[in-house]
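Report on the following structure.
The values are calculated or read from the model by the stated rules, or taken from the named source; none is laboratory data. Nothing here was measured: the structure is a model prediction, and the numbers come from that model. When we count neighbours, we look across all protein chains shown, and the Cβ atoms used for this are built from the backbone with ideal geometry, even at glycine.
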């Protein structure tokens with residue numbers, strides 16, 4: 001009997017750059033990955049402002065429906081609405097009793113994309129004040145994958161210390177810093193580079209960006 005695929009927890013916080021999180025979800029569902037999605041209160045406002053997706057913090061069920069409508073309309077190889085409903089679960093960031101908050105929950109790990117410095121600070125100091133920081137805390141204690149796509153500039157000393165603390169605890173800090181060696185032509189090229197690198201570190205094969213190649217001498 002084949003093993004049931006374990007889901008990936010994806011969190012979007014209120015940092016600018018919500019397109020990174022939405023693009024990551026686009027790729028994962030297109031490849032058939034199961035997703036547990038958590039949106040912070042500020043993320044709902046930022047996603048609506050930056051992406052035009054109507055998210056309401058108090059309504060995870062409605063957010064799922066609106067996200068699926070967006071995915072069906074935006075992705076050329078999108079799965080059907082019924083398939084997407086089976087691949088995406090949405091959770092309120094206030095629901096600390098959610099199944100994903102437990103160390104006994106079987107998950108492949110967590111990606112916070114983009115991640116605000118407020119969320120970084122809570123994770124670094126073990127403050128599980130919402131479901132996002134709690135799930136990150138669980139990943140660290142269970143030695144599971146945790147990728148934090150930090151999105152802020154410039155960083156001050158507290159930001160840097162908090163990111164170092166997360167790294168020392170086993171998490172991966174992957175700042176939203178696109179490269180230019182692949183000669184990007186569009187914003188999508190820049191976004192796909194960051195999302196592709198995130199997937200690489202998580203261990204998921206992808207061809208979202210052109211990789212560095214040199215000729216043999």
Problem set entry | residue 80 being surrounded by 18 or more Cβ atoms within 10 Å (Cβ to Cβ), more than 25 Å from residue 176 (Cβ to Cβ) and free of Cβ contacts under 8 Å to residues at least 60 places away in the same chain | no
For this session: For residues that are assigned to a strand (DSSP E or B) and within 18 Å of residue 42 (Cα to Cα), tally how many sit in the range 99-153.
Result: 8
For this session: Could you please find all residues in the range 2-26 being in a helix (DSSP H, G or I), touching a helix residue (DSSP H, G or I) at 6+ places or on another chain (Cβ under 7 Å) and modelled with pLDDT of 95 or more?
Result: 18, 19, 20, 22, 23, 24
Exercise. Any idea which of 167, 90 is farther than 22 Å from residue 19 by Cα and either modelled with pLDDT of 95 or more or not in a loop (DSSP other than H, G, I, E, B) (or both)?
Worked result: 167
For this session: Read through the list (1) in contact (Cβ under 8 Å) with a residue 12 or more places away in the chain; (2) over 17 Å from residue 19 (Cα atoms); (3) surrounded by fewer than 20 Cβ atoms within 10 Å (Cβ to Cβ), then give the number of the only condition that residue 178 fails.
Result: (2)
For this session: For the range 62-77, state whether one or more residues are crowded, with 16+ Cβ neighbours inside 10 Å, in contact with a helix residue (DSSP H, G or I) (Cβ under 8 Å, 6 or more places away or on another chain) and in a loop (DSSP other than H, G, I, E, B).
Result: no
For this session: Go through (1) part of a loop (DSSP other than H, G, I, E, B); (2) in contact with a helix residue (DSSP H, G or I) (Cβ under 7 Å, 6 or more places away or on another chain); (3) modelled with pLDDT of 95 or more and name the single condition residue 159 misses.
Result: (1)
Exercise. Does any residue of the range 190-197 turn out to be touching a residue at least 12 places away in the same chain (Cβ under 8 Å), farther than 22 Å from residue 102 by Cα and more than 16 Å from the chain's Cα centre (by Cα)?
Worked result: yes
For this session: Could you tell me which of the residues 107, 102, 129, 116 is over 13 Å from the mean Cα position of the chain (by Cα) and either buried (at least 16 other Cβ atoms within 10 Å of the Cβ) or within 20 Å of residue 22 (Cβ to Cβ) (or both)?
Result: 107
